[in-house]
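Q: Dropping the structure in here first, questions after.
The values are calculated or read from the model by the stated rules, or taken from the named source; none is laboratory data. It should be emphasised that the depicted structure is a prediction, and the values quoted were computed from it without experimental measurement. Neighbour counts run over all protein chains shown; Cβ positions are idealised from the backbone, glycine included. Side chains included, ligands, DNA and RNA excluded: accessible areas come from the protein's heavy atoms. Shrake-Rupley method; radii C 1.70, N 1.55, O 1.52, S 1.80 Å.
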Amino acid sequence: MSGREGGKKKPLKAPKKESKDLDDDEKAFKQKQKEEQKALQDAKAKASQRGPLVGGGIKKSGKK
């Protein structure tokens, strides 16, 4: 019985990920995603400038 047996054991280190080269399709896909994200942020900023949409006043229940 040794003193180091008890307690938590150190986890093994994960191997380093290899940096893979991106091909043209992946580069185009990432560029398209960046453009869509930018367009979404622009639209969000534009919508926040205007204020709330007109709700039409007091909502009435369906009961008659």
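Q: Is it fair to say residue 57 is out of contact with any Lys or Arg (no Cβ under 9 Å at 6 or more places or on another chain), open to solvent by less than 100 Å² (accessible area, probe 1.4 Å), of a type outside the set (Ser, Thr, Tyr) and modelled with pLDDT under 70?
A: Yes; evaluated as a whole, the condition is true for this residue.
Q: Sticking with this one: Output the residues belonging to region 2-30 that are at pLDDT 85 or above and open to solvent by less than 100 Å² (accessible area, probe 1.4 Å).
A: 26, 28
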